[in-house]
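A short write-up of the structure that comes next.
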Amino acid sequence: MNKLKNVVYLLAEKITNRYHDYNGFWGIGVLYSDCLQYNTTRIELDLLHQTSSLESKNSIHFLNDLIKILMFYLDKNNLNLEQLKAVKIIIEYDLSQRNVLYGDIYSVEVKIMTIYDRMYKQERYGYCFPHLMWDREKCGLSDTISPRTMHFLKNYFYKNK
């Protein structure tokens, strides 16, 4: 089952890769913005049951992209869903350590369990920035952000700085 090890690795790489975009923004940053708005630090995506612990439009879009990626790599490796018991992705943002400038540290854990209870797991860590602040500060598209969201982000990032 070395093929499943490769699938887990590729899923982790796709999620954390800067080129995994959502409307031109890094997917991890888009989910981070949602976490800030919903006051949560953790998102759990279940690819087999097609569910997300965060019921945002961005999270569902991200989930659907990952399901397509999973299906592509299973097919490429001559594997099928019937061999799998669970496919979960857990993304956590360490919002309690606000000593980093603007963004936050995240972790991504990808787990696949087979019907024979064999577990394959990959973890990635990194630093991300909320896409809404990038949108406002770098692109000058402040009219795309509601005043309420902008107020929240300014209070969160510029407080005590």
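The values are calculated or read from the model by the stated rules, or taken from the named source; none is laboratory data. Keep in mind that what you see is a predicted model, and the values were worked out from it rather than measured. Neighbour counts are summed over all protein chains in view; Cβ atoms, including those assigned to glycine, are modelled from backbone coordinates with ideal geometry. These accessible areas exclude ligands, DNA and RNA; they are computed on the full protein's heavy atoms, side chains included. Shrake-Rupley method; radii C 1.70, N 1.55, O 1.52, S 1.80 Å.
Looking across segment 103-112, just one residue is open to solvent by 50 Å² or more (accessible area, probe 1.4 Å) and either assigned to a loop (DSSP other than H, G, I, E, B) or at pLDDT 90 or above (or both), and that is K111. Scanning segment 1-44 for residues that are farther than 17 Å from D65 by Cβ and modelled with pLDDT under 90 gives M1, N2, C35, L36, Q37, Y38, N39, T40, T41.
Considering segment 85-97, the residues that are at pLDDT 95 or above and open to solvent by 40 Å² or more (accessible area, probe 1.4 Å) include one that is nearest to V30 (Cα to Cα), namely K88. Taking segment 21-59 on its own, how many of its residues are touching a His at 6+ places or on another chain (Cβ under 7 Å) and not hydrophobic (A, V, I, L, M, F, W, C)? Final tally of qualifying residues: 4. All conditions but one from (1) open to solvent by less than 50 Å² (accessible area, probe 1.4 Å); (2) of a type in the set (A, V, I, L, M); (3) at pLDDT 60 or above; (4) within 24 Å of L54 (Cβ to Cβ) apply to V100; the one that does not is (3).
Tell me, which helices (runs of 4 or more DSSP H) lie completely within segment 1-80 with 2 or more residues that are open to solvent by less than 50 Å² (accessible area, probe 1.4 Å) and under 16 Å from F129 (Cα atoms)? Because the criterion is at least 2 residues that are open to solvent by less than 50 Å² (accessible area, probe 1.4 Å) and under 16 Å from F129 (Cα atoms), the helices (runs of 4 or more DSSP H) in segment 1-80 that meet it are 2-16, 27-38. Scan segment 48-94 for residues that are among the β-branched types (V, I, T) and without any contact (Cβ under 8 Å) to a residue 40 or more places away in the chain and the total you get is 3.
Do we find that I67 is under 22 Å from G29 (Cβ atoms) and within 12 Å of the chain's Cα centre (by Cα) in this structure? Here the answer is no, as I67 does not meet what is asked.
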